[in-house]
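Chemist: This is the structure I want to talk about, given as structure tokens.
Values quoted throughout were computed directly from the atomic coordinates according to the rules given, and no laboratory measurement underlies them. As the structure is a prediction and not an experimental result, all values here were calculated from the model. Cβ placement follows ideal geometry from the backbone for every residue including glycine, while neighbour counts extend to all protein chains displayed.
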Amino acid sequence: MSAQNNINYNTVRPESEKITYLETTTPQQTFAIGQELGRKAAAGEIYTLTGDLGVGKTVFTQGIAAGLGIVEPVNSPTFTIVQIYEEGRLPLYHFDTYRIVDIAEMDEIGYEDYFYGDGVCIIEWAELICELIPDTAVRITIEKDLEKGFDYRKITIVR
Ligand code: ADP
Ligand code: MG
């Protein structure tokens, strides 16, 4: 393990894996981090978003959408598992799997066309469908720490 890479891993991770820790204290800052990712996102990339209800997954997604040049409002898909936005630099496939009760629902919507397509996938509550997530996905976790304030968020990006 290299000198600058002094994190104690519990599991064996590939040498190439890069972890970024970020902290925000406003929704705007979380949005801005998503926006920066959206500007750089490439076709075929999958971003997973993990974190409790109300932590900021949709705010982060809205930032990614803005970074892709999407101007129409982005909200969590309520009645569908996936919401498609095609007006940006790349298609955005926004999944929210919170209400999934059976993984077969992912097959029913033809998820592979999105996961292995030419757009960018963002998946809120990806841990509920973890067996479907490719190893290549960028994994983003958002956490609160109430000792640091109500609006504090720690964002961990593993790619
Ligand atoms: P989720 O999709 O994870 O359920 P949302 O993005 O819908 O959560 O909501 C996050 C809420 O938390 C919003 O009301 C937002 O204004 C608020 N919030 C407060 N501080 C932050 C922060 N630092 N980053 C993101 N959201 C924040
Ligand atoms: Mg949400």
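Chemist: Taking the Cβ of Val71 as the centre, find all other residues whose Cβ is under 13 Å away and add up their charges (Lys, Arg: +1; Asp, Glu: -1).
Modeler: On the way: positive: Arg89; negative: Glu72, Glu86, Glu87.
Surrounding charge for Val71 is -2.
Chemist: While we're here: Does a label point 7 Å from the Cα of Phe150, set along Cα-to-beta-carbon, have any residues of the range 14-54 with amide nitrogen under 16 Å, and which are they?
Modeler: 25-28, 54
Chemist: To the nearest 20 debye, what charge dipole does the chain have about its Cα centre, counting +1 at the Cβ of each Lys and Arg and -1 at the Cβ of each Asp and Glu? Display every interim value, and only then the final one.
Modeler: Numbers: 13 positive and 25 negative charges, 156 e Å.
Dipole about the Cα centre, nearest 20: 760 debye.
Chemist: What does the charge count around Leu49 come to, taking other residues whose C-beta lies under 10 Å from its C-beta (Lys +1, Arg +1, Asp -1, Glu -1)? Provide the component values of the computation, followed by the final result.
Modeler: Values: positive: Lys57, Arg139; negative: Asp96, Glu124, Glu127.
Around Leu49, the surrounding residues sum to -1.
Chemist: Another question about this same structure. How much net charge surrounds Asp102 when only other residues with a Cβ under 14 Å from its Cβ are counted (Lys, Arg +1; Asp, Glu -1)? Provide the component values of the computation, followed by the final result.
Modeler: Working: positive: Arg99; negative: Glu105, Asp107, Glu108, Glu131.
Charge balance in the 14 Å sphere: -3.
Chemist: Please list, in order along the range 110-124, the HN-Hα scalar couplings obtained from phi with the Karplus expression 6.51 cos²θ - 1.76 cosθ + 1.60 (θ = phi - 60°), rounded to whole Hz, x for Gly and Pro.
Modeler: Calculated HN-Hα couplings, in order: x, 4, 5, 4, 8, 4, 10, x, 10, x, 10, 9, 10, 10, 7 Hz.
Chemist: Using a Förster radius of 30 Å, what is the FRET efficiency between Thr20 and Asn75 based on their Cβ-Cβ separation? Nearest 0.05, please.
Modeler: Numbers: r = 26 Å, r/R0 = 0.88.
The value I calculate is 0.70.
Chemist: When the Karplus curve 6.51 cos²θ - 1.76 cosθ + 1.60 is applied with θ = phi - 60°, which whole-Hz ³J(HN,Hα) does each residue of the range 35-51 get, with x for Gly and Pro?
Modeler: Per residue, the Karplus-derived 3J(HN,Hα) values read 4, 4, 5, x, 5, 9, 4, 10, 4, x, 7, 10, 10, 9, 10, 10, x Hz.
Chemist: When we measure straight from the Cα of Lys144, which aspartates and glutamates land under 13 angstrom away, once same-chain ones fewer than 8 places off are left out?
Modeler: Cα-Cα hits under 13 Å: Glu23, Asp52.
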